[in-house]
1. Could you run through the range 102-124 and say how many residues are at negative phi, more than 13 Å from the ligand (Cβ to nearest atom) and open to solvent by less than 50 Å² (accessible area, probe 1.4 Å)?
2. More than 9 Å from the ligand (Cβ to nearest atom), within 29 Å of A240 (Cβ to Cβ) and loosely packed, with under 14 Cβ neighbours inside 10 Å: does that describe K142?
3. If you check A160 against the conditions, is it closer than 28 Å to D38 by Cα, among the hydrophobic types (A, V, I, L, M, F, W, C) and surrounded by fewer than 24 Cβ atoms within 10 Å (Cβ to Cβ)?
4. Can you run down the residue pairs with Cβ atoms below 8 Å, 6 or more apart or on separate chains, where the first is in the range 103-114 and of a type in the set (D, E, K, R) and the partner is near the ligand (Cβ under 9 Å from one of its atoms) and open to solvent by 10 Å² or more (accessible area, probe 1.4 Å)?
5. Does any residue in the range 281-305 that is touching a residue at least 12 places away in the same chain (Cβ under 8 Å) come within less than 7 Å, Cβ to Cβ, of a residue that is hydroxyl-bearing (S, T, Y) and open to solvent by less than 70 Å² (accessible area, probe 1.4 Å) six or more places away or on a different chain, and which pairs are these?
6. Which is away from the ligand (no atom under 16 Å from the Cβ), of a type in the set (K, R) and farther than 24 Å from A176 by Cα, of R37, R98?
7. Given the criterion more than 11 Å from the ligand (Cβ to nearest atom), closer than 17 Å to V122 by Cα and of a type in the set (D, E), identify the matching residue among E62, E71.
8. K237 versus (1) in contact (Cβ under 8 Å) with a residue 24 or more places away in the chain; (2) under 25 Å from R30 (Cβ atoms): which is the lone unmet condition?
Amino acid sequence: MVNAYYDEDADLSAVKDETIAIIGYGNQGRAQGLNMRDSGLNVVVGNIKDASWDMAAKDGFEVYSIGDAAELAGVILLLVPDEVQPEVFEEEVKNKLRPGKSLVFAHGYNIHYGFITPPKYVDVLLLAPRMMGVYVRELFVKGSGAPAFIFAHQNASGKAKEKTLALAKAIGATRAGAMEISFAEETELDHFTEHFIMPVIIRALQLSFEVLVEEKYTPEAVVLEHYASGELSEIFKEMAKVGIFKQMPLHSTTSQYGTLSYGKRVMPDETKKLIKEIIREIKTGVFAREWMMEQKTGYPVFKKLRQMVFTHPINEVERRLKEMVKISI
Ligand code: NDP
């Protein structure tokens, strides 16, 4: 059985005398920093001199260069994008680490694939909210919290787990539940969602749009029907609340029969072979190496892919639809 931890399992005193440095005041940095400060922790921000720096200052934080914040802090949350973390770590954080300090990640990627190797004398912790930053904040303000994966990967201080739990409590994660899984499992599950679940959904919507428009269906109606009304996101919310199959009675019997009877046709059981292949590519680091090469060569494939999707006709249809139908979700 996996361990899950709640507010009563965590004690803020494990980190309350520490200075906490949020390195990178972006999606996660802002949300986690504000939540930790509201929980009574001593939080400073380390950032490059840009709009995020100004935002942190406007939010009332003391803002430093990344190196200065890492020097000041006992607990350092590395919340810059994953692809820039190795460089930021090597150049500005590594030489500020001392025995007893903790290095915290919101995603296991760089530790799991060995792009960052922290010294043995620091704690290495995982605090990975399962939620976009803006909702990590919104849920906290409402009095609830976003669940998170947590792990004390390297326990140099002897208090790594207590510190992980305290930080999870401070961002509101133990209000919902903080689940203990390794850096490897967090990374691989996260990538699986990005390499199978999300592409299946987005590609299904894209191909369906292309074919239905070819078949002379009204483009705006296709987009409204498939996702723009917000019904799909409400269905996903119901799945999260009650379950993928238990939400089905909310739909008509015609809808339920159609959905269940076409499932195997559109995605036969043989798809499991592809799923296994994708898992193997994640486990053996095929994707991590490919993504690293992309970064080193100036993102040639990524640039082409982005160009392709942002010039797709569906973007113009979405724009026209927004002028026609007011969506309030
Ligand atoms: P963001 O893309 O929001 O960037 C965070 C900050 O890093 C920004 O202030 C950004 O500045 C700054 N930054 C960008 N490039 C550099 C650089 N070269 N040197 C220094 N600072 C830089 O990151 P996220 O919050 O999305 O991701 C942070 C971590 O959280 C990652 O490990 C990610 O996997 C994890 N995570 C993210 C989730 C999410 O919802 N986004 C969910 C769960 C985990 P600027 O504003 O100028 O770009």
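1. 6
2. yes
3. On the way: closer than 28 Å to D38 by Cα: yes; among the hydrophobic types (A, V, I, L, M, F, W, C): yes; surrounded by fewer than 24 Cβ atoms within 10 Å (Cβ to Cβ): yes.
Judged against the criteria, A160 is a match.
4. none
5. From residues that are touching a residue at least 12 places away in the same chain (Cβ under 8 Å), the pairs are G285/Y113; A288/Y113.
6. Numbers: R37 fails: farther than 24 Å from A176 by Cα.
Going through R37, R98 in turn, just one is away from the ligand (no atom under 16 Å from the Cβ), of a type in the set (K, R) and farther than 24 Å from A176 by Cα: R98.
7. Being more than 11 Å from the ligand (Cβ to nearest atom), closer than 17 Å to V122 by Cα and of a type in the set (D, E) holds for just one of E62, E71, which is E71.
8. That leaves (1) as the condition not met.
The values are calculated or read from the model by the stated rules, or taken from the named source; none is laboratory data. Keep in mind it's a predicted model, so treat the numbers as computed, not measured. A quick note on method: Cβ atoms are made from the backbone with ideal geometry, for glycine too, and the neighbour counts reach across all protein chains shown. Remember, those area values only see protein heavy atoms, side chains included, never the ligands or the DNA or RNA. Shrake-Rupley method; radii C 1.70, N 1.55, O 1.52, S 1.80 Å.
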